[in-house]
Amino acid sequence: MITCLVGQRGVGKTEFSKRLQVYLGQEGVEIYDLDYEIEKRQKKPIFELIMQQGETYFREVEKQVFTELIQIAGERRTYI
């Protein structure tokens, strides 16, 4: 089961997913922070990526990384 939390950058999605994981007794469930994964793959902060490449490019990268994370998760319980 994959659970995707959607919201603006910095509103606490990752922290919420960690708390939800504990609340539901699901320690060990994978948690992926999409922004972190994008920055790791692109080797630069998102704001820099947008400034240099534009928002359209960023959205394409975001979509690609999101798709990869879903494929990695497979059938495992995962929060993205």
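The values are calculated or read from the model by the stated rules, or taken from the named source; none is laboratory data. Predicted model only: the values in this text are computed from it and were never measured. Note that we place each Cβ from the backbone using ideal geometry, even for glycine, and neighbour counts take in every protein chain shown. What goes into the accessible areas is simple: the full protein's heavy atoms, side chains included, and nothing from ligands, DNA or RNA. Shrake-Rupley method; radii C 1.70, N 1.55, O 1.52, S 1.80 Å.
A Cβ-based charge dipole, computed about the Cα centre of the chain with Lys and Arg at +1 and Asp and Glu at -1, lands at about 80 debye.
Each residue of the stretch 62-77 was assigned a 3J(HN,Hα) from its phi angle through the Karplus curve 6.51 cos²θ - 1.76 cosθ + 1.60 (θ = phi - 60°); the sequence is 4, 5, 5, 5, 4, 4, 4, 5, 5, 5, 4, 5, x, 9, 6, 5 Hz, with glycine and proline shown as x. Per-residue ellipticity at 222 nm from helix content only, as computed over the chain with -39500 (n - 2.57) for each DSSP H run of at least four residues, stands at -18000 deg cm²/dmol.
Placing a pseudo-label 7 Å from each Cα along the Cα-to-Cβ vector at residue 35 and residue 72 gives an inter-label distance of 1.8 nm. For residue 5, the solvent-accessible surface computed with a 1.4 Å probe is close to 50 Å², ligands and nucleic acids excluded.
Only Lys, Arg, Asp and Glu carry charge here, each on its Cβ (+1 for the first two, -1 for the last two); on that basis the stretch 34-80 has a dipole of about 140 debye about its Cα centre. Shown for the chain: the carbon plus sulfur share of the solvent-accessible area, taken with all protein chains present and a 1.4 angstrom probe, equals 54%. Taking the chain on its own, what percent of its Cα-Cα pair distances exceed 16 Å? Counting every Cα pair in the chain, those more than 16 Å apart make up 53 percent.
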